[in-house]
Amino acid sequence: MPAPKTSLIGLDAGAMAAALIAAGFAEKSAKMRVRQLWNWIYVHGARDFAVMTNLAKDFRSEMDAHFTLDRPEIVTEQVSSDGTRKWLLRTGPGIEFETVYIPEAERGTLCVSSQVGCTLNCTFCHTGTQRLVRNLTSSEIVAQVLVARDRLGDFPGGIAPTDGLVPSGEGTRAVSNIVFMGMGEPLYNLDNVSAAIGVLTDGDGLSLSKRRITVSTSGVTPEMARLGEECGTMLAVSLHATNNALRDKLVPLNKKYPIEELLKTCRNYPGASNARRITFEYVMLKGMNDSPAEARALVRLLQGLPAKINLIPFNPWPGSPYECSDWDAIERFSEIVFNAGYASPVRTPRGRDIQAACGQLKSETEKLRARARLMLEESLVVALD
Ligand code: SF4
């Protein structure tokens, strides 16, 4: 069996040069080669060394012998009637993760996963019901962006799909914003998340602005300062409750890092300011956290913090223990927060028809597979009879 090829996707420039040298390429030209490869991979979206026509043919075939630019396999792709797209991707047996694309008039946001499954068991979250398989590598994180750009025609010469809404117009990128809000807790995989952000924001490649990348955490306070210092991205915090008793239930990590400690860490988040506000996510759960008293408590809690509040109508999944708040309750809540001076957009639920909340596609596919297996076993039994 030939050794598996190393993926160049997601390696930073230094690691890519080291990989080239380790494969036997001349050390003195490695830097220049990396620059050329980088341009092909991230500016042109090359998926194959053969298309890199300004590189010598021999070099290209040598590269092909050692390295790969393969994308993850797309297991399923679903397009919602509102243009939201959801992909289930696979990079190996049992290594499946989701990426969701949410188009709006002037921007396109890609929600990426950082882990396969999650250890944190937030009770309103479907991924929380799936055991952690492993952290995603920086290659697998960056590849989610490349897959999305491939599918959305976001590389030069690419063709945008016509079956859903994709932002258009001169200079508009289909993928303009990235949020780490897919499967997993990004701060439990900060080495790979940080490396991936370094690649995504590199000015000679994908060149995404750090201000257009948001990393969401359920409150892993010991890693938050490092995220701010090393990555300089925007921060989002899954808050969802205004007292520890309820947050312990919704986000069990709260027992380890309670609200007071979380907010203290937020107050010290590097770079937080009125121009770079921290987003607090608050999922609206009927009868749980949606009363006017809780809206007022939220305002008190965030006093003095440069904050934005995202109210998220709960997107129920089969077997979920909660219901979405009534629209009246959401409006009342939003008004109290808004009158206190906080931007409090209510996030329109997107992709409900394709179960776009994280973790849902993976387990639906698993269910389908289990059903297929069962049918297969049944037919085998019949055959053996
Ligand atoms: S909300 Fe995030 S941290 Fe919590 S279980 Fe879901 S994926 Fe994990």
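Computed quantities for the displayed model
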{"read-out": "Cα convex hull of the chain - mean projected area over all directions, nm²", "value": "22.9 nm²"}
{"read-out": "26 Å Cα-Cα reach of residue 308 towards lysines, excluding residues that sit fewer than 8 places from it in its own chain", "value": "210, 249, 255, 256, 264, 286"}
{"read-out": "Inter-centroid distance (Cα atoms) of segment 127-159 relative to segment 237-254, Å", "value": "29 Å"}
{"read-out": "Proximal charge balance of residue 29 [Cβ under 15 Å; K/R count +1, D/E count -1]", "value": "+2"}
{"read-out": "Whole-angstrom Cα spans of segment 59-179 along principal axes, big to small", "value": "45, 43, 21"}
{"read-out": "Accessible area per residue, Å², segment 208-347 with all protein chains present, probe 1.4 Å", "value": "43 Å²"}
{"read-out": "Projected-area average for segment 208-295 over all orientations - Cα convex hull basis, square nanometres", "value": "6.1 nm²"}
{"read-out": "Inter-centroid distance (Cα atoms) of segment 22-62 relative to segment 203-225, Å", "value": "29 Å"}
{"read-out": "4 °C / 1.567 mPa s Stokes-Einstein diffusion coefficient of segment 81-147, Kirkwood radius on C-alpha pairs, µm²/s", "value": "100 µm²/s"}
{"read-out": "Percent of beta bridges antiparallel (DSSP, the chain, rounded to nearest 5)", "value": "45 percent"}
{"read-out": "Net +/- balance of residues flanking residue 114 in space, Cβ distance below 10 Å, scoring K and R +1, D and E -1", "value": "-2"}
{"read-out": "Accessible surface of segment 173-272, 1.4 Å probe, proportion on carbon and sulfur as whole %", "value": "45 percent"}
{"read-out": "Segment 149-259 pair-distance distribution - Cα-Cα, 10 Å bins, rounded %", "value": "13, 36, 28, 17, 7, 0"}
{"read-out": "Net charge of neighbours whose Cβ lies under 9 Å from the Cβ of residue 146, counting Lys and Arg as +1 and Asp and Glu as -1", "value": "+2"}
{"read-out": "Positive dipole terminus of the chain, leading residue within 72, 320, 345 (C-beta point charges)", "value": "345"}
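The values are calculated or read from the model by the stated rules, or taken from the named source; none is laboratory data. Treat the numbers as computed from the prediction; the structure is a model and nothing was measured. Positions of Cβ are backbone-derived with ideal geometry, glycine not excepted, and every protein chain shown enters the neighbour counts. Accessible surface areas use protein heavy atoms only, side chains included; no ligands, DNA or RNA. Shrake-Rupley method; radii C 1.70, N 1.55, O 1.52, S 1.80 Å.
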